[in-house]
Amino acid sequence: MAAIDTIRYKRAELPGARPSGRQGYVRRVVRMVSSLANRINSLLDRRRSRLVLLEMTDDQLKDIGISRADAHREGLRRFWD
């Protein structure tokens, strides 16, 4: 084994070594897509919870301390707000 091959193998075996080339790029893309999917999921969850406010009765809203006007205002907000 040549000295260059030894250095190359030693570098690959180091714990915590950063992947190079295509592996690093793929990991960054996967991380970015995963982050985007999580963000979209949280926005949709927020929208669903706001729509639930619109469906609640006055008694239910009173139990959680929200008026009908507040629930209506919150329910009509855009999902990204």
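The values are calculated or read from the model by the stated rules, or taken from the named source; none is laboratory data. All values derive from a computational prediction rather than experimental measurement. Note that each Cβ is placed from the backbone with ideal geometry, even for glycine, and that neighbours are counted across all protein chains shown.
Got a sec? Which of R78, R11, R18 is modelled with pLDDT under 85 and loosely packed, with under 10 Cβ neighbours inside 10 Å? Residue meeting the stated conditions: R18. Taken over region 32-65, the residue count meeting the criterion of being out of contact with any helix residue (DSSP H, G or I) (no Cβ under 7 Å at 6 or more places or on another chain), closer than 15 Å to L76 by Cα and of a type in the set (A, V, I, L, M) is 3.
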